Each structure stands twice: as C-alpha cells, then as structure tokens.
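Before any comments, here is the structure.
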Amino acid sequence: MRVAAFPRPLLLRANQVLRRMVYSSTLLTRVAFGVRLTRTTPPVSFWELGSLAMMHALRTQLRDDMRMVDVGTGPYAIMALWAMRRWRLDVVATEIEPAWCAWAERMAAANERSLEVVCCDLLEGISGPFDAACFVPPFIPEESFSRSPALLRISDPHQRELLWRRSCGGPLGWETVDRFYAMVGPLLRPGASAFVSINHYHVSPE
C-alpha cells in the first residue's frame, strides 16, 4: 500500500486552519463531545485529531461503574467529561499545569460533573487500581518542535513553556509516552487497558 506524503508546510498550514476553525469551535466541540466549554486566556484548542482517536478507542473499553484515569487532561478535561457523560464512571484527571487544573475543575462544574482533578506530573502520587487509562501525550521530537512556527511566534516565556509542554515529548519525541507506560502499569487492574494517541507523522511506529 502506498501512502501519500504531503509537504510539511502544507500540513502545518492545514493544522493551523483546523485549530482556528474546528478545534476551537464551541459548537463543533459540543456536537462531537457533548460538553460545554469556554476557552482559556490566552486561548488553547479544545481538542485535536488525537482526541477523536482516543474517543473511538475508549468506546471499546469503557462500561458503567469503571474507574478511569485521564492523564494530561489539559484545561478542558474534555476526554474525562465526554466519558462521564456517556457512562457512570469514577474518573481521576491529572494535569501538571496548576492554572489548567483550576480551569478543568471549572469546566467540570459547568457540565455538572464531579471530577477529581489532581495537579501532578503524569501519575505521580496517584493511587490505583484503574480499569482504563488514557493519555493524549506530547510526542513531537525536540529538534522538530524547536523549529515550529507556532513556537517562534510566541514571545511570552510562560506561553512558550506551555506550548512546549503540550507538544514536545522529549529529545526523540517518545520519552514522555515511555514514562507514562512505566507509571501506569502498576495502577491497572488485571485485564485493564491503557490508551495513547500519537501521530506517526512525528513519531515512527517503532
């Protein structure tokens, strides 16, 4: 099978358009995920393609009365809130950025969901067991991300750090994912699943 490879500038431009017109649309977010969200300041996309892939994967795993952990939930906790809307779940959401934790709690309240949001690095200090875990991680290699036009246009150091944290997975891109797998294993019940959504455009299957 042959796969068409699009020029990188074209892909970057297409992603910018999607971020502005689709990923940041409150209406489309409500249609796709069934949750009400308000944007942070400065704005951060509600979701990306990896979120849709994760939603599809979780549909095969989640059932009522399960316990789930949503790692790196971001300011909107969109995967956690989507799952809690569809099933009766006990969900723990983790996030390393304190301001995003506070916003995630605010979004949970706006959607009338009781969500436990823990401010930590990945799963540090989290107690299991869980029936399912999900993580839409940063996965872009440092060298690629350091040349990103989106990063170069940001002058505020804190906003640059946030974008780096959301996007860069380490020197090779997979290190954060590797840390997640190492930490989540002992927290899962027998037969449980951990889901990670990455883009092979940035990270090889190996």
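In the chain, helical runs assigned H by DSSP with n ≥ 4 each contribute -39500 (n - 2.57); averaged across all residues and rounded to the nearest 500, the mean residue ellipticity at 222 nm is -11500 deg cm²/dmol.
Note on Leu172 and Leu27: the extension gain reaches 48.6 nm, defined as 0.36 nm multiplied by sequence separation minus the Cα-Cα distance. Rg and Dmax of the chain, based on Cα coordinates, read 16.7, 47 Å. On a per residue basis, the convex hull of the C-alpha atoms belonging to region 61-105 measures out at 59 Å³.
Surface composition of the chain: carbon plus sulfur atoms hold 56% of the accessible area, using a 1.4 angstrom probe and ignoring ligands, DNA and RNA. Remark on region 120-174: Rg and Dmax equal 14.1, 42 Å (Cα only). In the chain, a dipole from Cβ-located charges (positive for Lys and Arg, negative for Asp and Glu) runs towards its positive end, and of Gly169, Ser144, Gly34 it is Gly34 whose Cα lies farthest in that direction.
Projecting the Cα atoms of Ala80, Val117, Tyr23 onto the charge dipole of the chain, computed from C-beta unit charges around the Cα centre, puts Tyr23 farthest toward the positive end.
Protein heavy-atom accessible surface, 1.4 Å probe, per residue over the chain: 55 Å².
Take the Cα of Ser127, go 7 Å toward its beta carbon, and the backbone nitrogen atoms of region 60-81 under 17 Å from that spot belong to 67-69. Model label sites at Ala182 and Arg153, defined 7 Å from Cα along the beta-carbon direction, differ in position by 3.6 nm.
The values are calculated or read from the model by the stated rules, or taken from the named source; none is laboratory data. Given the structure is predicted, the values throughout are model-derived calculations rather than measurements. With ideal geometry, Cβ positions are generated from the backbone for all residues, glycine too; neighbour counts draw on all protein chains shown. Side chains included, ligands, DNA and RNA excluded: accessible areas come from the protein's heavy atoms. Shrake-Rupley method; radii C 1.70, N 1.55, O 1.52, S 1.80 Å.
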